[in-house]
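Shown next, in structure tokens, is the structure this report addresses.
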Amino acid sequence: MTAIDLNADLGEGFGRWRLTDDEALLSVVTSANVACGFHAGDAATMRRVCELAAERGVTIGAQVSYRDLAGFGRRAMDVPPAELAAEVAYQIGALEVFARAAGARVAYVKPHGALYNRVVHDAEQAGAVIEGVRLADPSLPVLGLPGSRLLELAGEAGLPAVPEAFADRAYTDEGTLVPRGREGAVVTDPDTVVERSVSLARSGAVIAHSGARILVRARSLCLHGDTPGAVGLARRVRERLVAAGVRVEAFA
């Protein structure tokens, strides 16, 4: 039976503001990418999400980012490799405190936003992320785009490299994500998102922005939690996957 992990970006609030319905999404997903305070999140939010995830048996992952609260981590930045490595390790360490207090642990790492897109092609920045992960825990899996420099370097460093796909993001013919600034970069039709999810899980196939059919082999499927109707859509995706004979389970 085909198996797929469902991950979502959670804890993406700050202080009194909450962007995602963490509690509801944690009843659907199998892995939680928890914001570690650099693009969103704060100490109280990190603690709360870790406690909720641990209660529900959801795997906790550190979603690391450039230091960019104002831009939600989606602005391009040039950070020296040594500084980026230290900041990645710092974010993982901060989340690990709350994960362990909840009786769990940080089980993987996923970059966010501009950093996620940068490490698809930029070997220097990808290497800095890998160095930061190894500083924190040299056994941690790294979640990223199939074929990216990040996953390539993770494998070379002996870290488990886990490819992921996006049902609600448009792809280029090369298998990279269409930049958010371009029209059609985000797939908004719920029925289309559900069908793309099943196709990605069962065959690794998806229709690119150009209309071409491409292969995106992935072990984890990302469901964005900051889109309107995210919880209902996530439930539909999981129900449809199960009905299609796909086993939904965490990869870590």
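Out of the stretch 141-183, which residues are out of contact with any strand residue (DSSP E or B) (no Cβ under 9 Å at 6 or more places or on another chain) and open to solvent by 40 Å² or more (accessible area, probe 1.4 Å)?
Scanning the stretch 141-183 gives 149, 156, 158, 179, 181, 182, 183.
Working only within the stretch 202-211, note down all residues that are within 19 Å of the chain's Cα centre (by Cα) and either open to solvent by 10 Å² or more (accessible area, probe 1.4 Å) or β-branched (Val, Ile, Thr) (or both).
As a first pass, look at the stretch 202-211 and keep what is within 19 Å of the chain's Cα centre (by Cα): 204, 206.
Within the stretch 202-211, just 206 meets the criteria.
Do any strands (runs of 3 or more DSSP E) lying entirely in the stretch 138-240 carry at least 1 residues that are touching a residue at least 60 places away in the same chain (Cβ under 8 Å) and within 15 Å of residue 111 (Cβ to Cβ), and which ones are they?
Details: elements: 142-144, 161-166, 205-207, 213-215, 220-222.
Qualifying strands (runs of 3 or more DSSP E): 142-144, 161-166, 220-222.
Based on what the data block shows, is residue 105 modelled with pLDDT under 95 and over 15 Å from the mean Cα position of the chain (by Cα)? Walk me through it before giving the result.
Numbers: modelled with pLDDT under 95: no; over 15 Å from the mean Cα position of the chain (by Cα): yes.
Spelling it out, it is not the case that residue 105 is modelled with pLDDT under 95 and over 15 Å from the mean Cα position of the chain (by Cα).
For the stretch 217-240, which residues satisfy the criterion of being touching a helix residue (DSSP H, G or I) at 6+ places or on another chain (Cβ under 7 Å) and over 20 Å from residue 9 (Cα atoms)?
240
Among the residues of the stretch 1-37, which ones are within 15 Å of the chain's Cα centre (by Cα), over 17 Å from residue 55 (Cα atoms) and not small (Gly, Ala, Ser)?
4, 5, 6, 9, 12, 20, 36
Give me the residue from the stretch 102-114 that is farther than 10 Å from residue 63 by Cβ and touching a helix residue (DSSP H, G or I) at 6+ places or on another chain (Cβ under 7 Å) and, out of that set, least open to solvent (accessible area, probe 1.4 Å).
Checked the stretch 102-114; the qualifying residue least open to solvent (accessible area, probe 1.4 Å) is 106.
State whether the residues of the stretch 220-235 include one that is farther than 19 Å from residue 22 by Cβ and not basic (Lys, Arg). If you could, list the steps in order and put the result at the bottom.
Applying the first criterion (farther than 19 Å from residue 22 by Cβ) to the stretch 220-235 yields none.
No, the conditions are met nowhere in the stretch 220-235.
Restricting to the stretch 212-230, what's the tally of residues that are modelled with pLDDT under 95 and more than 16 Å from the chain's Cα centre (by Cα)? First the steps, then the outcome.
Within the stretch 212-230, the subset modelled with pLDDT under 95 is 217, 223-230.
Cutting the leftovers down to more than 16 Å from the chain's Cα centre (by Cα) gives us 228-229.
Residues that pass the stated criteria total 2.
Identify, please: which residue in the stretch 1-42 is touching a helix residue (DSSP H, G or I) at 6+ places or on another chain (Cβ under 9 Å) and open to solvent by 60 Å² or more (accessible area, probe 1.4 Å) and is, among those, nearest to residue 87 (Cα to Cα)?
Restricting to residues being touching a helix residue (DSSP H, G or I) at 6+ places or on another chain (Cβ under 9 Å) and open to solvent by 60 Å² or more (accessible area, probe 1.4 Å), the top hit is 14.
When you scan the stretch 67-90, how many residues do you find that are buried (at least 20 other Cβ atoms within 10 Å of the Cβ) and within 24 Å of residue 29 (Cβ to Cβ)?
Number of matching residues: 2.
Of everything in the stretch 231-252 that's open to solvent by 40 Å² or more (accessible area, probe 1.4 Å) and among the hydrophobic types (A, V, I, L, M, F, W, C), which residue is modelled with the lowest pLDDT?
The selected residue is 252.
The values are calculated or read from the model by the stated rules, or taken from the named source; none is laboratory data. The model shown is predicted, which means the values in this text are computed figures rather than measured ones. Cβ coordinates were reconstructed from backbone atoms using ideal geometry, including for glycine residues, and neighbour counts include every protein chain displayed. Calculation scope for accessible area: heavy atoms of the full protein, side chains included, ligands and nucleic acids excluded. Shrake-Rupley method; radii C 1.70, N 1.55, O 1.52, S 1.80 Å.
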